[in-house]
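Have a look at the structure below before the remarks.
The values are calculated or read from the model by the stated rules, or taken from the named source; none is laboratory data. Not measured: the values here are computed from a predicted model. In this analysis, Cβ positions are derived from the backbone assuming ideal geometry, glycine residues included, and neighbour counts consider all displayed protein chains. Surface accessibility is based on the protein's heavy atoms, side chains included, excluding ligands, DNA and RNA. Shrake-Rupley method; radii C 1.70, N 1.55, O 1.52, S 1.80 Å.
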Amino acid sequence: MLTVVGEQGYERASVQAVLARARLDRSAFDDHFTSKADCFARAYEDAAAGLEAEVLTAAALQVTWEAQLRAGLGRLLELLDDDPPLGRALLVEVHPAGGRALARRRVAMQRAAAFLARGGGEGNGAPPALAPEATAAGIHAVLHARLTSGRGGLRELRGELMYIAVLPCFGAGAAAAAMAAG
């Protein structure tokens, strides 16, 4: 489902296309899903949980907030770069799909903002309360645009995205150092 949606878009993707890709018949689909939306939501939830687990595992190997951010962000970018249809399904096509999948995305964005907010506790000054949410949304917007355009090269964005994430918490000097470190 996610590959078909990532390649064709949610609106154009059909259950028949999913069945053809999976080499299944309609009865197998109907045994497990009530609709295309149900299938997408379940596939989205599973893939998002897997992606989040990969990111958290990468981050957990680090000690400082900034190192956790660098490792987790790096892993996210690698995964999305390695499988652009999955990235498009998860970050772009979730919007037209709506429903449960979009609700799950909102939860993931809240968790990302909560992680970013932890960085404010380590900095020299308190960033605005909106900064973590705005930073998470900004990073999402950049990835959304890149995946929509098919430009790829997401790995190469890590340094600049680090700059954006570190800036509100630690200022321009630390953000520039974080960008240089990649």
Note: among Arg111, Arg146, Arg158, just one is closer than 20 Å to Val5 by Cα, of a type in the set (D, E, K, R) and part of a helix (DSSP H, G or I), namely Arg146
Do we have any residue at all in region 103-115 that's surrounded by fewer than 19 Cβ atoms within 10 Å (Cβ to Cβ), out of contact with any Ser or Thr (no Cβ under 6 Å at 6 or more places or on another chain) and more than 22 Å from Ala59 (Cα to Cα)?
yes
Among Ala28, Ala59, the single one that is open to solvent by less than 50 Å² (accessible area, probe 1.4 Å), aliphatic (A, V, I, L, M) and at pLDDT 95 or above is Ala59
Over region 156-181, the set of residues surrounded by 15 or more Cβ atoms within 10 Å (Cβ to Cβ), of a type outside the set (A, V, I, L, M) and either under 17 Å from Leu79 (Cβ atoms) or touching a Cys at 6+ places or on another chain (Cβ under 8 Å) (or both) is Arg158
Scanning region 135-163 for residues that are modelled with pLDDT under 95 and among the basic types (Lys, Arg) gives Arg151
Scanning region 146-182 residue by residue, those touching a residue at least 40 places away in the same chain (Cβ under 8 Å) and of a type in the set (Phe, Trp, Tyr) turn out to be Phe170
Here is a check on your reading of the model: is Arg151 exposed (fewer than 14 other Cβ atoms within 10 Å of the Cβ) and basic (Lys, Arg)? yes
Boolean, Ala131 is within 30 Å of Gln8 (Cβ to Cβ), open to solvent by less than 40 Å² (accessible area, probe 1.4 Å) and not hydroxyl-bearing (Ser, Thr, Tyr):
no
Scanning region 46-58 residue by residue, those without any contact (Cβ under 8 Å) to a residue 60 or more places away in the chain and over 13 Å from Glu78 (Cβ atoms) turn out to be Asp46, Ala47, Ala49, Gly50, Glu52, Ala53, Leu56
Pro132 touching a residue at least 12 places away in the same chain (Cβ under 8 Å) and part of a loop (DSSP other than H, G, I, E, B): no
When (1) at pLDDT 95 or above; (2) open to solvent by less than 70 Å² (accessible area, probe 1.4 Å); (3) part of a helix (DSSP H, G or I) are applied to Tyr10, the one that fails is (3)
From the option list Arg21, Arg88, single residue qualifying as more than 28 Å from Ala175 (Cα to Cα), modelled with pLDDT under 95, in a helix (DSSP H, G or I) and of a type in the set (D, E, K, R) is Arg21
